[in-house]
Amino acid sequence: MDLNLGPAQAVAELHRGESVTRCRTKNCRQRATTIARKLHAFGRSIRQIELCDRHAEAMAARERVRGLKLVDERGATCERLA
């Protein structure tokens, strides 16, 4: 049984968050509005972090360059609520 959990099979997701916490990036004082989550091939969460929009966009660009699939559900959530 081959369990290849390499980065090519991982997925990064961005979700709109309603938290009252600050962005987890060092020295950032903005409110966290996005939940960034990495999932492995089987859909289980590897890592989750709360970020402001600016740092979420930087993280998304970095993950695209690394070759990870990016699922951005921030706009879909806003459209459903409107």
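Any read-out appearing in this document is the output of simple, stated calculations on the displayed coordinates, not a laboratory observation. Small disclaimer: the values here were computed from a predicted structure and weren't measured. No Cβ is skipped: glycine too gets one built from the backbone with ideal geometry, and neighbour counts run over all protein chains shown.
Quick notes on this structure:
- For residue 46, net neighbour charge (Lys/Arg +1, Asp/Glu -1) across residues whose Cβ lies under 15 Å away: +4
- Per residue, the average separation of C-alpha pairs within less than 8 Å and at least 6 apart gives region 10-81 a relative contact order of 38 percent.
- For region 10-81, the C-alpha radius of gyration sits at 1.07 times the compact-globule guess of 2.2 N^0.38 Å, with N the residue count.
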